[in-house]
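Report on the following structure.
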Amino acid sequence: MIRPATPEDIPAIQSLYRFLDQHHVSLYPEVFQPLETDARPDSLIQGWIDNPEATYLVVEIAEEVVGFLNVRKMNSPALPIFQPRSWAHVENAVV
């Protein structure tokens, strides 16, 4: 089942981020370093869940969160050179 994330999902989301972060460290150790703690505070994830300009979804199998996707609305800069436009930006996807 795919559904919007809730604050109760944050521990499972953090677990998935740890998996993602370890993968990045193994692929690009010159860029990423291993951590002893979560790379993102719970409050940051909560802010993403609460953001009205974003969508944060989780994937559940047998009532266990096994993946997530967060998408944020982006806008062109408010400068006269740019045509006004908006688009969806996938920030993270983990399964």
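The values are calculated or read from the model by the stated rules, or taken from the named source; none is laboratory data. The model shown is predicted, which means the values in this text are computed figures rather than measured ones. A quick note on method: Cβ atoms are made from the backbone with ideal geometry, for glycine too, and the neighbour counts reach across all protein chains shown. Keep in mind that these areas ignore ligands, DNA and RNA; they rest on the heavy atoms of the full protein, side chains included. Shrake-Rupley method; radii C 1.70, N 1.55, O 1.52, S 1.80 Å.
Across the accessible surface of the range 44-95, with the other protein chains kept in place and a 1.4 Å probe, carbon and sulfur atoms take up 59 percent. Largest first, the three principal axis extents of the alpha carbons in the chain are 45, 36, 21 Å in whole numbers. Normalised per residue, the accessible area of the chain is 71 Å², obtained with a 1.4 Å probe and no contribution from ligands, DNA or RNA.
Judged by the mean number of other Cβ atoms found within 10 Å, the most tightly packed of the peptides 35-42, 55-62, 11-18, 84-91 leads the ranking 11-18, 55-62, 35-42, 84-91.
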